[in-house]
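Got a structure for you, written out below as C-alpha cells; questions coming shortly.
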Amino acid sequence: MGYASCILHPYLQVLNLRRDVKPARPHVGHGWTAFVLAVGLWGMGVPVPRPPVAGTDRWTQRTWVVMGTYLTVRVRHPDSAYAERILDGVIDLVQDLDRRLTLYDPSSELWALNRQAGGPPLPVSEPLWDLLERALAYSRETQGAFDVTIGPIVQTWGFLEGPRRVPSDEAIARARARVGYTKVELDSSRRTVRLTTPGMVLDFGGIAKGYALDRAVELLRQAGLRDALLNFGGEIYAMGTPDGGDRPWTLAVRHPRRPDRVWRELPVRDMAVSTSGDYERFFFQGGRRYSHILSPWTGRPVETDVVSVTVVAPSATEADALSTALFVMGPERAQALVGADRCRYVLWIRQQGRHLIEDPRSVWPPRPCPSQGSRPSRTPKPNNPSSDIRPQ
Ligand code: AMP
Ligand code: MG
C-alpha cells in the first residue's frame, strides 16, 4: 500500500485527554491472534461483554507502529486486564489487515492480486473484498476522484518506493493507461476479483487506515466498550465521551504550516475525523511542491490552492476516502458530496497569497448526527450495486 515509509506527523490532536492513563508503550509484536478470531470480526463468535461501570474512569492505552505510522488506542473499562486483552485483539486485527494489504511485501494478498493483473480472476479474503467494494463505491460517488487503482501513477512519481521525481510525459501516459476503477471486475457469487489490464496496481493508501479504524471500533463495541479514542497517524475515531458523561471529545485541527498551533477545535462523539493535505508527503523539484495525492485524470499531483481538507463523518472509512477525494475535487465540485443532512462535515484551508484562509464552502462546525452512537461504525454497504462489475 502507499503507506508512508516514515512516521507521519498527525494533523489532529486531542485536547481533553486526562492524565490517569497507563503510559503508552510502543508494541510491535504479534500474539493473541486466537483472541482476535474469538472476538467475532471474522464470524467466529463473540465473548461475553462486560459493560462499563457508569462513572468509572480507568483508562488503558497502547501505542503500536503499524502500516508505517503510529496507532494509539485508549479505552475506558474498570478491568484493565480485560482492556489489555481487547487491545491485543485490536493490534492483531490491524496487523492482519496490514499483512494482507501492504505493497511492501511480495507475500501479501494484495501483491498476489496485483501480480494477476491482465489474467484470470482471483478469489480474495473477506476483508480485502469488503474494502475493495467500499473503495469502488467511493470511486463511483466521487466520479473517479478517489481511485483505488491509482498505484501505477503513485509508482511513477516515486511515492511508493522512491526516488521521488517528475516523470516524463510518456511515463505518465503509460501509467494512466493502467489506471481506472472501471477496469476492476468483481464477481460476488464467487468472491473473485479480476484486474482487466496488465500492470494494474491497487493501492489502498487513501482508505486503509480508516477502514482498519472502523473494524477496530466494531471490535471494541462487540467487547462491550463504549468510550475510546483511536488515533491512526492522524485519522481519528472518537467513541463515546472522555468521562462516560455527556461532554464529547475535543479534538483540534492543527495549523497546516505551524504544527505547534491549533487551527480549530471540534467536539466529536462517535464520529471519525480525517485530514488530507499537501504537507503530509511531498517533494520539491525546480522550486515546485509536488504532493502525494494524485489526480487520476491528469496522472499528476493535484495542483490546487487547497492546503488541507478535513472531513468529519460517521465512519472512518468514509472520512478517509472522502478527504482524499475532496482534495482532488476541490471545494466547488465537492459541494454535492458533503452537507449536514448527510452527516458529512468539511473544513477547507486554502492558501491566499501569504495567508491561509478557511474557504466559505466549508460545512462546519460538525454537529451530532441523528442516529449517532447506535449507528454501525462502518457505513452500510453502498446503495449502488458494487458487485458483479464489468468494465465499461
Ligand atoms: P490520504 O493521506 O488518506 O489522503 O491518502 C493518500 C494516499 O492515497 C497516497 O499516498 C496514495 O497511496 C493514495 N492516493 C493518492 N491519490 C489518490 C487518489 N486520487 N485516489 C485514491 N488514492 C490515492
Ligand atoms: Mg484518505
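The values are calculated or read from the model by the stated rules, or taken from the named source; none is laboratory data. Because the structure is a prediction, the values reported are computed rather than measured. No Cβ is skipped: glycine too gets one built from the backbone with ideal geometry, and neighbour counts run over all protein chains shown. Heads up: the accessible areas ignore ligands, DNA and RNA and are worked out on the full protein's heavy atoms, side chains in. Shrake-Rupley method; radii C 1.70, N 1.55, O 1.52, S 1.80 Å.
Any residue in the stretch 154-183 that's open to solvent by 40 Å² or more (accessible area, probe 1.4 Å): show its pairings with residues that are polar (S, T, N, Q) and within 16 Å of ligand 2 (Cβ to nearest atom) at Cβ separation under 7 Å, as long as the two are six or more apart or on different chains.
181/139; 181/149; 183/149
In the stretch 177-195, what residues are outside any strand (DSSP E or B) and away from ligand 1 (no atom under 12 Å from the Cβ)?
177, 178, 182, 183, 188, 189, 190, 191
Mind listing just one residue for me: the one in the stretch 275-290 that is touching a residue at least 24 places away in the same chain (Cβ under 8 Å) and part of a strand (DSSP E or B) and, of those, most open to solvent (accessible area, probe 1.4 Å)?
285
Then there's this: Give the stretch 150-164 a look and list any residue that's of a type outside the set (Gly, Ala, Ser) and away from ligand 1 (no atom under 11 Å from the Cβ), or say none.
152, 156, 161, 163, 164
Yes/no per residue for (1) closer than 14 Å to residue 316 by Cα; (2) in contact with a strand residue (DSSP E or B) (Cβ under 8 Å, 6 or more places away or on another chain):
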| residue | (1), (2) |
| --- | --- |
| 196 | no, yes |
| 224 | no, no |
| 255 | no, yes |
| 271 | yes, yes |
| 282 | no, yes |
| 292 | no, yes |
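Among the residues of the stretch 205-226, how many are open to solvent by less than 10 Å² (accessible area, probe 1.4 Å) and more than 16 Å from ligand 1 (Cβ to nearest atom)?
Qualifying residue count, the stretch 205-226: 7.
Let me ask something else. Would you tally the residues in the stretch 238-274 being modelled with pLDDT of 90 or more, open to solvent by 10 Å² or more (accessible area, probe 1.4 Å) and in a strand (DSSP E or B)?
6
Would you be able to say whether some residue in the stretch 315-332 is within 16 Å of ligand 1 (Cβ to nearest atom), part of a strand (DSSP E or B) and under 28 Å from residue 183 (Cβ atoms)?
No: zero hits.
Could you tell me whether the stretch 271-278 includes any residue that is within 13 Å of ligand 1 (Cβ to nearest atom) and among the hydrophobic types (A, V, I, L, M, F, W, C)?
Yes, that holds for at least one residue.
What's the total number of residues in the stretch 140-153 that are open to solvent by less than 20 Å² (accessible area, probe 1.4 Å) and more than 19 Å from residue 276 (Cα to Cα)?
Going through the stretch 140-153 one residue at a time, the tally reaches 1.
When you go through (1) within 10 Å of ligand 1 (Cβ to nearest atom); (2) in contact with a helix residue (DSSP H, G or I) (Cβ under 7 Å, 6 or more places away or on another chain); (3) at pLDDT below 95 one by one for residue 292, which number turns out not to apply?
Result: residue 292 passes all but (2).
Still on this structure, please answer the following. Take the residues in the stretch 108-123 that are open to solvent by 10 Å² or more (accessible area, probe 1.4 Å) and either on the phi > 0 side of the Ramachandran plot or among the aliphatic types (A, V, I, L, M) (or both), then tell me which one is farthest from the chain's Cα centre (by Cα).
Out of the qualifying residues, it is 118.
Also, I was wondering about something else. Condition (residue is in a helix (DSSP H, G or I), of a type in the set (Val, Ile, Thr) and either more than 12 Å from ligand 1 (Cβ to nearest atom) or farther than 15 Å from residue 184 by Cβ (or both)) applied to the stretch 109-132: is it met by at least one residue?
Scanning the stretch 109-132 turns up no residue that is in a helix (DSSP H, G or I), of a type in the set (Val, Ile, Thr) and either more than 12 Å from ligand 1 (Cβ to nearest atom) or farther than 15 Å from residue 184 by Cβ (or both).
Does residue 309 meet the test of being open to solvent by less than 10 Å² (accessible area, probe 1.4 Å) and among the β-branched types (Val, Ile, Thr)?
yes
In the stretch 129-139, which residues are touching a residue at least 60 places away in the same chain (Cβ under 8 Å) and either more than 21 Å from the chain's Cα centre (by Cα) or buried (at least 20 other Cβ atoms within 10 Å of the Cβ) (or both)?
131, 132, 134, 135, 136, 137, 138
May I ask you to list the residues in the stretch 64-85 that are in a strand (DSSP E or B) and crowded, with 17+ Cβ neighbours inside 10 Å?
64, 66, 69, 70, 71, 72, 73, 74, 75, 76
Which condition from (1) within 16 Å of ligand 2 (Cβ to nearest atom); (2) at pLDDT 95 or above; (3) touching a helix residue (DSSP H, G or I) at 6+ places or on another chain (Cβ under 6 Å) is the one that residue 361 breaks?
Among (1) within 16 Å of ligand 2 (Cβ to nearest atom); (2) at pLDDT 95 or above; (3) touching a helix residue (DSSP H, G or I) at 6+ places or on another chain (Cβ under 6 Å), residue 361 violates only (1).
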